[in-house]
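Report on one structure; see the data block that follows.
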Amino acid sequence: SYQRRALLTLMVCMLSAVMADQGAETKPKVENGSVINLVVKDQNDTEVHFKVKTHTKFQKIMEAYASKRSVDVAAIRFLYDGQRLDKNSTPGDHSMEDNDVIDCVLEQIGGQ
């Protein structure tokens, strides 16, 4: 029947769209020295986006973030996949890809 064919066509179109979306999520291989976008997200889920080269040191990114957020660079820590990022390392050192998210936390001193 016509309705059955129309429904089947609609289902095929929806499935194709879902498959296309899944294909778009695969990240291209990033070469050393190329430009990637990084997202720095704080504890309030506020995001700051940076376009950086893969060989840019995190110290430069941390300083730019601290300046944008008006915080002391000594009071923040960057974490990637739960691991603290050293200021002298680079996105390339951690095989970061386009649109990867870095967590930014305020360093807690002392406590009980």
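Dipole size of segment 35-106 about its Cα centre, with +1 on Lys/Arg Cβ and -1 on Asp/Glu Cβ: approximately 320 debye, rounded to the nearest 20.
Surface composition of segment 35-106: carbon plus sulfur atoms hold 42% of the accessible area, using a 1.4 angstrom probe and ignoring ligands, DNA and RNA. Solvent-accessible surface of segment 35-106, averaged per residue with a 1.4 angstrom probe and all protein chains in place: 58 square angstrom. Label sites at Leu79 and Ala66, each approximated as a point 7 angstrom past Cα along Cα to Cβ, lie 2.0 nm apart. Ligands, DNA and RNA excluded, the heavy atoms of Thr46 present near 50 Å² of accessible surface to a 1.4 Å solvent probe.
The values are calculated or read from the model by the stated rules, or taken from the named source; none is laboratory data. These numbers come from a predicted model, not from an experiment. Note that we place each Cβ from the backbone using ideal geometry, even for glycine, and neighbour counts take in every protein chain shown. Each accessible area value is taken on the protein alone, full model and side chains, heavy atoms only, with ligands, DNA and RNA left out. Shrake-Rupley method; radii C 1.70, N 1.55, O 1.52, S 1.80 Å.
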